[in-house]
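Beneath this line is the structure, given in structure tokens, with notes to follow.
The values are calculated or read from the model by the stated rules, or taken from the named source; none is laboratory data. Fair warning: this is a prediction, and the values are worked out from it, not measured in the lab. Every residue, glycine among them, receives a Cβ derived from its backbone with ideal geometry; neighbour counts consider all protein chains shown. With ligands, DNA and RNA removed, areas are computed over all heavy atoms of the protein, side chains included. Shrake-Rupley method; radii C 1.70, N 1.55, O 1.52, S 1.80 Å.
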Amino acid sequence: MKRKVLDFLQKEIQSNHIPGAVIYVSFQGECVLEEAIGNRVVFPNKEPMAINTVFDLASLTKLVATLPAILTLVEKGTLHLDDPVSFFLPEFGRYGKSTITIKQLLTHTSGLPAHREYFLENLTTEQILKRIYDEQLVAPIGEKVIYSDLGYITLYKLIESVTNECFQDYVKRELFDKLEMTETTFNPTFERSRYAATEYSEKLNDYKHGIVHDDNTESMGGISGHAGLFSTVRDLTNFTRMIENEGMFKKEQVLSKASIEVSRKNFTAFSNEYRGLGWILKSPTFSSCGDLFSASSYGHTGFTGTSIWFDPEIKLHVILLTNRVHFGRKDPILRLRPRLHNIIRSHF
């Protein structure tokens, strides 16, 4: 399996689909593959990928930070999933949004638009939130899956509102510290040589190293609920181990088994795009976990080229970290992911 996976990734690197990758595969709780391949930087000069390379996780932020933070607050009795968002953020309730629930933001069924280019106006976090509060819905509440960054920006604010704490401080104490994720952070300050470079920035006159790739998150000062988190494969394995072990990490119950179970439930059976709380579930239509992962599989992807997928039927999970946006915003990663997962799953 190892040779086939690395040969496949090498071909993708030679085709300039990705600069390089860090791949991790766990089966039955044991690491069966952990490898760095290719380069973390190609332009202006090639620099090799390493196991400790720090990646911009992009939308994996939603699963590694925002969702677990919400689940901790559910467990504490601070909120419940069917609470209207407007109970905590009254301004959000404008223009027909008063009944949208936390669950609907988590499952992308709120009817909010997918994306807005707030960064073009250099809006601050508070200005962006005000724009979201003033948004009109583009679909009926609870009837359609529209993958919405706006919903997770709202969740970030909701978490700060109910905890009276900065989002990054709350997730560090409640999650990352408990999971020994010492290199997982917003606005990282590692030496430049640690980062997988992302896209070229005209503003910087350089490729981004440790500066968030997502434009709206950069406008928000690098911190949001939809993007902004940086991490390494070793840190992420602590997170995936906790998820796979029903919330347990090194004898500490970081999240309850009940929370983990409810997060993987299909809340969008009415759609061809199945969604748990945050998680993408394997769906009748395209799934980035490929063709061979079981029907109970779940995971998520990030725009920069990152992904995590679990197949609970055989206790398999795969972490793929790439910085494909170093080559710009073309999308060969969309074909790469399912084919890679097919190779891996065919061996178990």
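Here the chain is treated with +1 on each Lys and Arg Cβ and -1 on each Asp and Glu Cβ, and its dipole about the Cα centre works out to around 820 debye.
Between Tyr95 and Leu204, full extension at 0.36 nm per residue minus the direct alpha carbon distance yields a gain of 35.4 nm. Computed extension gain for Ser296 through Phe190, at 0.36 nm per residue and net of the alpha carbon distance, reaches 34.4 nm.
Each peptide in 315-328, 181-194 was scored by the mean count of other Cβ atoms within 10 Å over its residues; highest first, the order is 315-328, 181-194. Rounded, prolate or oblate for the range 117-181? Axes are the square roots of the Cα gyration tensor eigenvalues, ordered a ≥ b ≥ c, and the cut-off for rounded is a/c under 1.5. Because a/c hits 1.5 or more and a/b exceeds b/c, the range 117-181 counts as prolate. Label positions at Lys130 and Tyr147, each projected 7 Å from the Cα along the C-beta direction, are separated by 3.1 nm. Which of rounded, prolate, oblate describes the range 243-326, given a ≥ b ≥ c as roots of the alpha-carbon gyration tensor eigenvalues and a/c under 1.5 marking rounded, otherwise prolate only if a/b is larger than b/c? Note, shape of the range 243-326 comes out oblate. Summing Cβ point charges (Lys, Arg +1; Asp, Glu -1) relative to the Cα centre of the range 33-182 gives a dipole of roughly 240 debye. Computed in the context of the full set of protein chains, the accessible area of the chain at 1.4 Å probe radius has 49% of its extent on carbon or sulfur. Relative contact order, whole percent, for the chain stands at 24, derived from Cα pairs under 8 Å and 6 or more residues apart. Straight-line cross-link partners of Lys257 among the aspartates and glutamates, defined as a Cα under 12 Å from its Cα and at least 8 positions apart when in the same chain: Glu75, Glu244, Glu246.
For the chain, the residue among Ile280, Ala65, Val162 whose Cα projects farthest onto the positive side of the dipole built from Cβ charges is Ile280. With a threshold of 18 Å on the Cα-Cα distance, the over-threshold entries among Lys76/Lys144; Lys62/Lys172; Lys76/Lys130 are Lys76/Lys144; Lys76/Lys130. Compared with the dominant Cα axis of the chain, that is its longest principal axis, helix 333-345 is turned about 70°. Note on Lys11: lysines with a C-alpha under 26 Å away, same-chain residues under 8 apart excluded, are Lys2, Lys46, Lys208, Lys330. Distance between the modelled labels on Phe348 and Lys46, one decimal in nanometres: 3.2 nm (7 Å Cα→Cβ projection). Dipole of the range 1-129 computed with +1 at Lys/Arg Cβ and -1 at Asp/Glu Cβ about the Cα centre; of Val74, Leu6, Phe92, farthest Cα towards the positive end is Leu6. Ranked by the mean number of other Cβ atoms within 10 Å of their residues, highest first, the peptides 141-151, 91-101, 120-130 fall in the order 141-151, 91-101, 120-130.
Could you report the chain's accessible area per residue, 1.4 Å probe, as an integer in Å²?
40 Å²
Take the Cα of Thr182, step 7 Å toward its Cβ, do the same at Asp83, and the gap between the two points is 3.4 nm. Report, in degrees rounded to the nearest 10, the 0 to 90 angle that the Cα long axis of helix 149-163 makes with the longest principal axis of the chain. Long axis of 149-163 versus the principal axis of the chain: about 70 degrees.
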